[in-house]
Amino acid sequence: MEVSSLTARQLYEQAKANPTRKKFGFGRKPMLINVDLQCAYTRVGEFVTSYETDPKQLDYVNQLAHLARLKKLPVTWTYVAYMESGEDCGVWGTRTDTPDSLQNIKVGSRRSEFDPRLVIDHVKDIIINKRMASPFHETNLQSLMVWHQCDTVVITGGSTSGCVRACVVDSISRGYRVIVPEECVADKHESPHFANLYDIAIKYGDVIPVADALAWYEAYQPEAR
């Protein structure tokens, strides 16, 4: 079958079966970054923009977060929310004003809340309100990576083609190793989802089974500080 006739899923599966490069692998210390797992995107059937993926996605994310805390590794959760006027949405706020428009995710609204199925430690975990696609854009995430002496990011969340991809590209642009557990990211449709997993896998990071990520965390031994 010619490459031009393959679906996005087939391209990704082909790249997974026949890697074109060596994996970056985990480095010395990762930060788990869970991107925008908020009700606006995870409550399928409740909101127009909900993403669908592996039905156990949030269970896997909780498992990764639990293991990271046990191993004294940083856990970060990001969410998108804007002021009532929407002015801090910038040029994104100039698009068609529909109920599911980005600028209509208001601070304190149901759409801005983290999915209630998530287990978040509001004392120890890092929580970042971001306003653009990348969680590195005009937030303190970079300084926290430095403080925690992390050289690797493990990325979950949505959307694969949007905020996850932006986090991936910004991470490797800053010299970090990138790990994406396949079952832990999602998009509104499988075509952009698998097209971007393909791009990430061949260019920017390691897309691995979540079982491999969990096994790495299980085996990790915290360094004395």
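Throughout, read-outs are computed from the coordinates displayed, never taken from laboratory work. Note that the structure is predicted; figures quoted are calculated from it, not measured.
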Problem - Table column - 3J(HN,Hα) (Hz), region 82-89, Karplus curve with 6.51, -1.76, 1.60, x for Gly and Pro - result: 10, 5, 4, 6, x, 5, 7, 7
Problem - Long-range HN-HN contacts of THR152 with modeled amide H, under 5 Å - result: LYS29, MET31, ARG177
Exercise for the section: Apply the membrane-span-like helix rule to the chain: whole DSSP H runs, Cα extent along the own long axis of at least 18 Å, mean Kyte-Doolittle hydropathy at least -0.5. List the helices found. Expected result: 57-70
Problem - Karplus 3J(HN,Hα) series, Hz, for region 71-76 with 6.51 cos²θ - 1.76 cosθ + 1.60 (x for Gly, Pro) - result: 8, 6, 10, x, 10, 10
Completion exercise
Spelling it out for ILE128: with amide H atoms placed in the peptide plane at 1.01 Å from N, the residues 5 or more places away or on another chain with amide H under 5 Å from its amide H are TRP77, THR78, TYR79
Fill in the blank from the handout: Quick note, region 103-225: a/c under 1.5 would make it rounded; otherwise a/b > b/c is prolate and the rest oblate (a ≥ b ≥ c, C-alpha gyration tensor); here it is rounded
Problem - Antiparallel %, DSSP beta bridges [both residues in the chain], to 5 - result: 5
Handout entry: Long-range HN-HN contacts of ASP187 with modeled amide H, under 5 Å
Key = GLU52, THR160
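HIS189 to ILE127: extension gain in nm, 0.36 nm per residue of separation minus the Cα-Cα distance?
Stretched out fully, the HIS189 to ILE127 stretch lengthens by 19.6 nm.
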